[in-house]
Structure formats: C-alpha cells, structure tokens
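One structure is given here, and the rest of the page talks about it.
Read-outs: derived from the displayed coordinates by stated rules, not from any lab. Here the structure is a predicted model, which is why all the values come from computation and not from measurement.
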Amino acid sequence: MSSTEEFRRNSDNFCYRHPDRQSFVLCQRCMRTVCSECRTPAAVGVICPECMAEQRATQTPAQKKAERRWASRPMAIVSSDRPRMTLGIIAVTGLVYIIGLIPGLGPVLSSLFAFNSLFLLPQAGVIQPWRLVTVALVHDGFFHVGLNMLALWFIGRSLEPLLGRWRFLALYVIGAIGGSVAVALLAPGVWTVGASGAIFALFGALLVIGRHIGADIRVIGILIAINFAWPFVLAAFNAIGSGNFAASLAAVGISWQAHLGGLLTGAVIGLIYSRTRAASQRGLQTGLMIAFTVVLLALLAVPAIAYF
C-alpha cells in the first residue's frame, strides 16, 4: 500500500527502531510499535529489544542459569514474520478438499459442512450451527478452492503480521459467520460452499485498518469493488439473452450475499481492532468481539428476506 503524508508523519505506524517499516504490533511493556525483526514473543504479546534487555538485567542468578541451559539446546530458527495462521488455514482447507476427492467421502463432507439456513431452524428438526463456519472449508472444485486460497495468501501475508495470529484467526472465523448470516437472511434455503465470506472479511478489515493508519486505500477499494461487482456483471451479460436478471444472477453460482456479509463483518472487526490497539484495551477488545459475534448470531432470528 502506498502511504499518504498523514500516514508518514505518524511515527506510531512504524517500528521505533526501523522508521521505514510499517507495523501494527505494540510492545506489551512500553507500548511502542515494533516490526517483526525487533519483537520477541512473550507469554502475552511481544517485547521490544530494549524492554527485553531491561528484563534480562533484572533476572536473578538462578533465572540466568536456567536461560543459559535452555539456550544451549538446539532450536529451529523460524522467521517470526511468517504468516503461520494463514498457512495453517490454507493447509486445513486444502486437506479437506483432498479428503473430499476420496470416493464416497466428498458428498459426505459437503453434506456435513456446506451451509443452508434450513439447518438453523428448529422446525427443520435438526439444528447444526457448525455449518456457519465449516462452510469455509468445502469448495466446489479445484479452481474454487485454488482462487480462494490464493486470495487468502495474498491478503494474509500482509494482514496477519499486522494483527497477530489469533486476531487474524478470529477475523477469519467471524467473517465466515458473517457471510453465512447474510446468506441466511438474503437467500434462505440456498446451499452455499466456500470461504468467500471469510475472504471478504479480510478485505473489509484491511480497508478499515488501512484507512485508520493513514494508508492509501484506493487500490484496496478498487479490488473490493471489482470482486464484489463481478457476479452482477456476469449476470447482466447472461441476462441479455434471457431477459431475466434475477435468474441469471442465481445461475452464476457466486454468493454475493456471503461477500456482502463478510465484507461488512470484516469492516466492523477492523474498526474494533483499530480503536483498541493499546494493551490496556485488550479486555475491551475481547468484549467487543464477543458482543459483535452475539449480535451476528442474534440476526438469525430476523425473518429472512427471500431472494429470487
């Protein structure tokens, strides 16, 4: 992302030791912004080099001896900048897709994981709320899962280092729920599969966070607009012959409802993250995330708007 003058003037958006490196992670002790090279994982959050040096200076002889003992053991060196949660989500989704290729298991997985709002209604006889999330694990073909995971990789490798692994995972999961809730409200009874809701949640969060830190978000906005408008463009093109836009939109097979729900969900979560960055606001952030998720689930009680 290119930056605005306002963004460049705000030193809080950059590592205090490397002013040219953008970051969204704060040292848990001094609350200064640190990049991936300068942060050391702690029990909760990360610690900058200066705070780490101060911490070591106050260690007792017994603590220093224990640290030397552990340091002498061989350890694998792993880059802290690697988007591990992003890679983990891709790996799990890919594994589910491969398992689905096994004869006899594919239909079973789809029937268990795909989303349909009918499974959230008591009158259906079987309530299966896990489908709100597991819909992001099943896909309709190689290109479907491939494009979604490619988008996840491109966004995740930039967004996960800014948020941290667990905030990123929370965003992805709640984004999937938001997409499913939108499908339940706008397209009741329609089967959907895919991680599009969660992917659009990443788009929405990146848009809001980028705006908050003063980055130039025009490119992100254009990408969101193109991806969201694509099914409508295809439907309009197909409707030239049939004359029925609604039927053409349904025939495209792309759930714009999940895109919309995920995008709005991600924007709200991005706003929460942006406004509760300080360590002293960690409890507030958790509370707001839980409250927002409850609100999303409560929307399922709203009468559905049948879309045809």
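May I ask you to compute the full-extension gain from ALA236 to LEU112, defined as 0.36 nm times their residue separation minus their alpha-carbon distance, rounded to one decimal in nm?
Working: separation 124, 0.36 × 124 = 44.64 nm, distance 3.33 nm.
Length gained between ALA236 and LEU112: 41.3 nm.
Could you run the Karplus curve 6.51 cos²θ - 1.76 cosθ + 1.60 with θ = phi - 60° over the range 142-152 and give me ³J(HN,Hα) per residue in whole Hz, x for Gly and Pro?
5, 5, 4, 5, x, 5, 5, 6, 5, 5, 4
So what's Rg/Rh here for the range 147-198, counting alpha carbon atoms and using the Kirkwood radius for Rh?
On the way: Rg = 12.6 Å, Rh = 11.9 Å.
Result for the range 147-198 is an Rg/Rh of 1.05.
Please list, in order along the range 268-282, the HN-Hα scalar couplings obtained from phi with the Karplus expression 6.51 cos²θ - 1.76 cosθ + 1.60 (θ = phi - 60°), rounded to whole Hz, x for Gly and Pro.
Per-residue couplings from phi come out as 5, 5, x, 5, 4, 4, 5, 8, 10, 7, 5, 4, 5, 9, 4 Hz.
Using the Karplus equation 6.51 cos²θ - 1.76 cosθ + 1.60 (θ = phi - 60°), what ³J(HN,Hα) coupling, rounded to whole Hz, does each residue of the range 201-211 give in order, writing x for Gly and Pro?
For the range 201-211, the Karplus curve yields 5, 5, 4, x, 5, 4, 5, 5, 5, x, 5 Hz.
Using amide H atoms built 1.01 Å from N in the peptide plane, name the residues 5+ places from VAL46, or on other chains, whose amide H lies under 5 Å from its own.
Excluding prolines and chain starts, which carry no amide H, the hits are GLN28.
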